[in-house]
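Data block below; observations after.
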Amino acid sequence: MRVHVADHPLITHKLTVLRDERTPSPVFRALTEELVTLLAYEATRNVRTETVTIQTPVTRTEGLEISRPRPLVVPILRAGLGMLDGMVKLLPTAEVGFLGMVRNEETLEPTTYAERLPDDLSDRQCFVLDPMLATGGSLGAAIEFLFDRGAVDVTAICLLAAPEGIAALEKATEGRDVTIVLGALDERLDENGYIVPGLGDAGDRLYGLV
Ligand code: PRP
Ligand code: URA
């Protein structure tokens, strides 16, 4: 598993505002979208492409187009939905599948309550979106789901992660082609499984309490 932690002042600045408890939902949503677009630039570095020849007004030349089958973007509901628009802005030809997962806040175990993905992901590059990688349970289950359907490689974009979740994912995805792109790697998990310093509950901050 490869882990790439973004190191850019714009990303750190936007994360600082996102972490601030005074930041209201509309600003939180806008910043999430901007951050994903910046992280997607790194996450799509190895997107599969093909060489094409085009005619400019001046001459014929070679360029690249995104290969088929088209990449699949998978936001993990609910919080991952806040990352979708930022991602498809950068990768407009991608298809989008959905996974709904919720973590039991007592046991910290994830359950899957919704799934809308192609049955066969053979030969597909997948990009999973979830702002928070805490214990790694939700992302680990999502990644396993995609490989079980035939995905060739999976790249996850997360705004924040805890070292405990990264270690758990390393174990769970051994031998798989997995890349994790992070806005920041935080210090630890607290006794409730929340990322410290973190930003609190991402889903609640995006969409309000349920
Ligand atoms: C959050 C977050 C991740 C998960 C991370 O979702 O968006 O999916 O928790 O925790 P983990 O790494 O310990 O599994 P949550 O379950 O709160 O659902 P929500 O997106 O609907 O708020
Ligand atoms: N889910 C969140 O939304 N935030 C955390 O810190 C951990 C899990």
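The values are calculated or read from the model by the stated rules, or taken from the named source; none is laboratory data. This one's a predicted model, so the numbers in the text were calculated from it and none came from an experiment. No Cβ is skipped: glycine too gets one built from the backbone with ideal geometry, and neighbour counts run over all protein chains shown. Side chains are part of the model used for accessible areas, which takes the heavy atoms of the whole protein and leaves out ligands, DNA and RNA. Shrake-Rupley method; radii C 1.70, N 1.55, O 1.52, S 1.80 Å.
Over the chain, calculate the relative contact order: mean separation of alpha carbon pairs under 8 Å at least 6 apart, over the residue count, as a percent. Don't skip to the answer; put the middle values down first.
Working: 410 pairs, mean separation 50.7, N = 210.
Value for the chain: 24 percent.
For the range 117-180 and the range 74-103, what is the separation of their Cα centres, given in Å?
Going from one Cα centre to the other spans 13 Å.
Among the DSSP beta bridges whose two residues both lie in the range 1-118, what percent are antiparallel, rounded to the nearest 5?
On the way: 13 of 17 bridges.
Counting DSSP beta bridges with both partners in the range 1-118, the antiparallel share is about 75 percent.
Take the Cα atoms of the range 38-192, build their convex hull, and give its volume per residue in Å³.
116 Å³
Give me the dipole magnitude in Debye, nearest 20, for the range 73-198 about the Cα centre, with unit charges on the beta carbon: positive for Lys and Arg, negative for Asp and Glu.
Working: 9 positive and 21 negative charges, 70 e Å.
Value, rounded to 20: 340 debye.
I'd like to check one number: the per residue accessible area of the chain, probe 1.4 Å, reported in Å² as a whole number. Each step should come with its number before you reach the end.
Values: 10870 Å² over 210 residues.
Ligands and nucleic acids excluded, the figure is 52 Å² per residue.
Just to verify a number: FRET efficiency for Asn104 and Ile54, C-beta to C-beta distance, R0 = 45 Å, to 0.05? Show your work: numbers first, answer last.
Values: r = 52 Å, r/R0 = 1.16.
It comes to 0.30.
Of Leu146, Val74, Leu91, which is farthest towards the positive pole of the range 65-163's charge dipole, taken about the Cα centre with +1 and -1 on the beta-carbons of Lys, Arg and Asp, Glu respectively?
Looking along the dipole axis, the top candidate is Leu91.
List the GluC sites (Glu not before Pro) within the range 148-210 that DSSP assigns to loop and that have no more than 12 neighbouring Cβ atoms inside 10 Å. Walk me through the numbers before you get to the answer.
On the way: sites: Glu164, Glu170, Glu174, Glu187, Glu191; in loops: Glu174, Glu187, Glu191.
Loop-located and lightly packed - Glu174, Glu187, Glu191.
In the chain, carbon and sulfur make up what percent of the accessible area (probe 1.4 Å)?
Values: 5560 of 10870 Å².
On the chain, the fraction of accessible area on carbon and sulfur atoms equals 51 percent.
Once you charge only the Cβ atoms, +1 for Lys and Arg and -1 for Asp and Glu, what is the size of the charge dipole of the chain about its Cα centre, to the nearest 20 debye?
Here the chain has a charge dipole of around 680 debye.
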